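A.B. asks: Sharing a structure with you now.
The values are calculated or read from the model by the stated rules, or taken from the named source; none is laboratory data. These numbers come from a predicted model, not from an experiment. Backbone-built Cβ (ideal geometry, glycine too); neighbour counts: all protein chains shown. Note: accessible area is taken over every heavy atom of the protein model, side chains too, but ligands, DNA and RNA are not part of it. Shrake-Rupley method; radii C 1.70, N 1.55, O 1.52, S 1.80 Å.
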Amino acid sequence: MRKISQIINGKRKIIKKPELLAPAGNLEKLKVAIMYGADAVFVGGKEFSLRSQASNFSLEDIQEGVEFAKKYGAHIHVTCNIILHQDNLEGLKDYLKKLDEIGVTAIIVADPYIMKIAKDMKLGLEVHVSTQLSTLNSQAISFYQNMGMDRVVLGREVTYDDLKCIMDKVDVDIEYFIHGAMCIHYSGRCMLSNYLSRRDANRGGCSQSCRWYYDLYQDGELVNQENDMPFSMSSKDMSLVAHIGELIELGVDSFKIEGRMKSVHYIATVVSTYRKLIDTYCEDPDHFQQSDYFEKELLKAANRAFCHGFYYEHPTVNEQLFNMRDEHPTQEFVMRIVDYDKETNLAKIEQRNYFKLGDQIEVFSPHHDNLCFTVKKLYNEDMEEIDVANHPMEILYVEIPYQVLSNDMGRKVRNV
């Protein structure tokens, strides 16, 4: 029986705080995820991993990531989640051994052979059952637990009622998706990409064919009308921001965010928002009041429209993106703070997107509340005054009337 909370100084507090697990497609994103509050980060190696189009990690990258994570008390999980074909077997044992020596906390696995080999080798790292296996019930979880697996990552199709039953019946670690894109099929089992682009979704090559535009035909006749938007079978993104308290009270061990191919700004925004939400709830759950603040923060990153996925029941037509893409941030990532001089009020920044004098910028951080300022003075690296910042990654100086910190980020406020 999981003990979730206890009374401390007359107030109930959550003592079983869930791990916040964030995605990272490269080292920069890994470091940002950890600095902005992730307890653990999952990455893909250059071998035996899905998401072949992501900037996957070499062993040297993974080692650097592990060393960085240790400074923050965080952990690194590596996806080894391809479905092995005969030509994928070579080098597997050596690769797992190297991951273990580097200090990786866990590997995320879909193929039973990798599960068996990892356990037979008696490695120190944990073996987690990937969501690719679509584990949706307590009996399947018990099966993997009996195989010696350390954690099961549930399929996105698990409803709240099913999750509640699962948490009552099993005592192995459970990882649950709380935010990100939804696969239109059972995750990893779709063959559209294989047939339409000859890219294998189960070996990291998914071309996201479900998000393509299609013409509709019925009995050989084109159904699309002249002014119709192209048809797509894409889903809205999952966001369980309004249900984090319920999931914490169930004792879920790890909350997973999807999106290894997302931007640095997306990672920072989403991770910091859920970090603050989890910490606020756990500090005083009985007096926590849900507000729209956290959802509004999430909307400042590039997302599709949000839905609850399968949390309540099977999604309806309202959870689909038929005839539309619908991906639009309300604010645009324009700067990353490098340093700040309190005497001159000048922040040294790394420019990321276009902004100019007169623009309103919101600075956000894992260490302080969001703060806004208007760009009144802007200088290039030679300290010459300029009117616009239009060269990505250029080092500039901008006057900010309050102290900001290294690795804070700024986004341009849009009029919406």
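A.B. asks: Any idea how many residues of the stretch 78-111 are of a type in the set (A, V, I, L, M, F, W, C) and out of contact with any Ser or Thr (no Cβ under 9 Å at 6 or more places or on another chain)? Reasoning before the result, please.
C.D. replies: Keep residues of the stretch 78-111 that are of a type in the set (A, V, I, L, M, F, W, C), which gives 78, 80, 82-84, 89, 92, 96, 99, 102, 104, 106-110.
So of that shortlist, the ones also out of contact with any Ser or Thr (no Cβ under 9 Å at 6 or more places or on another chain) come out as 83-84, 89, 92, 96, 99, 102, 104, 106.
Of the residues in that region, 9 qualify.
A.B. asks: Only one of Tyr213, Tyr266 is without any contact (Cβ under 8 Å) to a residue 60 or more places away in the chain and under 12 Å from the mean Cα position of the chain (by Cα). Can you tell me which? If you could, list the steps in order and put the result at the bottom.
C.D. replies: Numbers: Tyr213 fails: under 12 Å from the mean Cα position of the chain (by Cα).
Checking each option against the conditions leaves just Tyr266.
A.B. asks: Separate question: Would you be able to say whether some residue in the stretch 202-225 is surrounded by fewer than 21 Cβ atoms within 10 Å (Cβ to Cβ), under 30 Å from Gly37 (Cα atoms) and of a type in the set (A, V, I, L, M)?
C.D. replies: No, the stretch 202-225 has no match at all.
A.B. asks: Does at least one position in the stretch 235-244 carry a residue that is in a loop (DSSP other than H, G, I, E, B) and either surrounded by 11 or more Cβ atoms within 10 Å (Cβ to Cβ) or touching a residue at least 40 places away in the same chain (Cβ under 8 Å) (or both)?
C.D. replies: Quick first cut of the stretch 235-244, residues in a loop (DSSP other than H, G, I, E, B) only: 236, 240.
Now drop any that are not either surrounded by 11 or more Cβ atoms within 10 Å (Cβ to Cβ) or touching a residue at least 40 places away in the same chain (Cβ under 8 Å) (or both), which leaves 236, 240.
Checked against the condition, which is being in a loop (DSSP other than H, G, I, E, B) and either surrounded by 11 or more Cβ atoms within 10 Å (Cβ to Cβ) or touching a residue at least 40 places away in the same chain (Cβ under 8 Å) (or both), the stretch 235-244 yields at least one hit.
A.B. asks: I'd like to verify a number: residues in the stretch 73-91 that are over 12 Å from Glu19 (Cβ atoms) and without any contact (Cβ under 8 Å) to a residue 40 or more places away in the chain, how many? Break it down into steps so the answer makes sense when it comes.
C.D. replies: Taking the stretch 73-91 and keeping what is over 12 Å from Glu19 (Cβ atoms), we get 76, 78-91.
Okay, now just the ones that are also without any contact (Cβ under 8 Å) to a residue 40 or more places away in the chain, so 78, 80, 84, 86-87, 89-90.
Selection size over the stretch 73-91: 7.
A.B. asks: Let me ask another. Could you list, in sequence order, all residues of the stretch 27-56 that are assigned to a loop (DSSP other than H, G, I, E, B), modelled with pLDDT of 95 or more and not hydroxyl-bearing (Ser, Thr, Tyr)? Step through it out loud before you land on a result.
C.D. replies: From the stretch 27-56, those assigned to a loop (DSSP other than H, G, I, E, B) are 36-39, 46-56; that's our starting set.
Going one step further and asking which of them are modelled with pLDDT of 95 or more, we end up with 36-39.
Once the filter is applied, which keeps residues that are assigned to a loop (DSSP other than H, G, I, E, B), modelled with pLDDT of 95 or more and not hydroxyl-bearing (Ser, Thr, Tyr), the stretch 27-56 yields Gly37, Ala38, Asp39.
A.B. asks: OK, next. Restricting the search to the stretch 249-269, which residues are out of contact with any strand residue (DSSP E or B) (no Cβ under 6 Å at 6 or more places or on another chain) and of a type in the set (Val, Ile, Thr)?
C.D. replies: Val264, Ile267, Thr269
A.B. asks: From the list Glu313, Glu283, Glu343, which one is under 15 Å from Ser239 (Cα atoms) and open to solvent by 10 Å² or more (accessible area, probe 1.4 Å)? Quick ask: steps written out before the conclusion?
C.D. replies: Details: Glu283 fails: under 15 Å from Ser239 (Cα atoms); Glu343 fails: under 15 Å from Ser239 (Cα atoms).
Within the list Glu313, Glu283, Glu343, the selection yields Glu313.
A.B. asks: In the stretch 55-65, how many are surrounded by fewer than 21 Cβ atoms within 10 Å (Cβ to Cβ) and aliphatic (A, V, I, L, M)? Working first, answer last.
C.D. replies: From the stretch 55-65, those surrounded by fewer than 21 Cβ atoms within 10 Å (Cβ to Cβ) are 55, 58-61, 63-64; that's our starting set.
Still in the running and aliphatic (A, V, I, L, M): 59.
The total comes to 1.
A.B. asks: Could you figure out which of (1) within 24 Å of Ile174 (Cβ to Cβ); (2) surrounded by fewer than 20 Cβ atoms within 10 Å (Cβ to Cβ) isn't true of Pro18?
C.D. replies: Failing condition for Pro18: (2).
A.B. asks: Another question about this same structure. Going by the structure shown, is Phe255 open to solvent by 30 Å² or more (accessible area, probe 1.4 Å), of a type outside the set (Lys, Arg), within 19 Å of Ala181 (Cβ to Cβ) and in contact (Cβ under 8 Å) with a residue 60 or more places away in the chain?
C.D. replies: Numbers: open to solvent by 30 Å² or more (accessible area, probe 1.4 Å): no; of a type outside the set (Lys, Arg): yes; within 19 Å of Ala181 (Cβ to Cβ): yes; in contact (Cβ under 8 Å) with a residue 60 or more places away in the chain: yes.
Judged against the criteria, Phe255 is not a match.
A.B. asks: Whether any residue in the stretch 264-271 is in a helix (DSSP H, G or I), open to solvent by less than 10 Å² (accessible area, probe 1.4 Å), over 30 Å from Lys13 (Cβ atoms) and not β-branched (Val, Ile, Thr) is what I want to check.
C.D. replies: yes
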